[in-house]
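The values are calculated or read from the model by the stated rules, or taken from the named source; none is laboratory data. Remember, it's a predicted structure, so these values are computed and weren't measured experimentally. Neighbour counts are summed over all protein chains in view; Cβ atoms, including those assigned to glycine, are modelled from backbone coordinates with ideal geometry. Areas reflect the complete protein model, heavy atoms only, side chains present, ligands, DNA and RNA absent. Shrake-Rupley method; radii C 1.70, N 1.55, O 1.52, S 1.80 Å.
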Amino acid sequence: MTALSYSNGKLKIINSVMCYPDGYSGALASADVHVSPDGKYVYGSNRIQHNSIGIFKIDPVNGKVSKIANQDAKGEIPRNFTFDPTGNLLLVANQNSGEVVLFKVDKSTGLLTDTGNRLSINKPVCLKWVKKDS
């Protein structure tokens, strides 16, 4: 996970932190990155052998990221993930295991808790929220 600053049309690296757990030596294949709706945390999906979501805290003063944890994605090849509009839930599309997994977001820590809710879908790779017509 690399934090960048942007000024006058130029990007500058602030810091970089491994998205995989410390000591991990398998294949590297990350897919998706999203900042939490409150801007306090950033999450990244790790695919292939590890199948997890890396969780990072964003320093509000300097923009640096620091790793908090890696959450098991509860499936194979987590491609895309998305927060619900309230930021209370995170849905993960696990492509090879054919499920969308629902996690509860702890807004005070950034950590995720598996709710046990699953939606079977053949090879989910992208999740989008749409507004329901009233």
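For the range 1-17, taking the residues that are of a type outside the set (Ser, Thr, Tyr) and under 27 Å from Lys104 (Cα atoms), the one that is least open to solvent (accessible area, probe 1.4 Å) is identified as Ala3.
Inspection of the range 87-95 identifies at least one residue that is within 28 Å of Ser5 (Cβ to Cβ), open to solvent by less than 50 Å² (accessible area, probe 1.4 Å), of a type in the set (Gly, Ala, Ser) and in contact with an Asp or Glu (Cβ under 7 Å, 6 or more places away or on another chain). Within the range 2-49, being among the aromatic types (Phe, Trp, Tyr) and either touching a Pro at 6+ places or on another chain (Cβ under 9 Å) or closer than 18 Å to Leu91 by Cα (or both) holds for Tyr41, Tyr43.
Scanning the range 60-69 for residues that are open to solvent by less than 60 Å² (accessible area, probe 1.4 Å) and either part of a loop (DSSP other than H, G, I, E, B) or at pLDDT below 95 (or both) returns a single hit, Gly63. Scanning the range 18-53 for residues that are open to solvent by 30 Å² or more (accessible area, probe 1.4 Å), at pLDDT 95 or above and at negative phi turns up Val33, His34, Val35, Pro37, Asp38, Lys40.
Of everything in the range 96-120 that is free of Cβ contacts under 8 Å to residues at least 24 places away in the same chain and part of a loop (DSSP other than H, G, I, E, B), the residue that is most open to solvent (accessible area, probe 1.4 Å) is Ser108.
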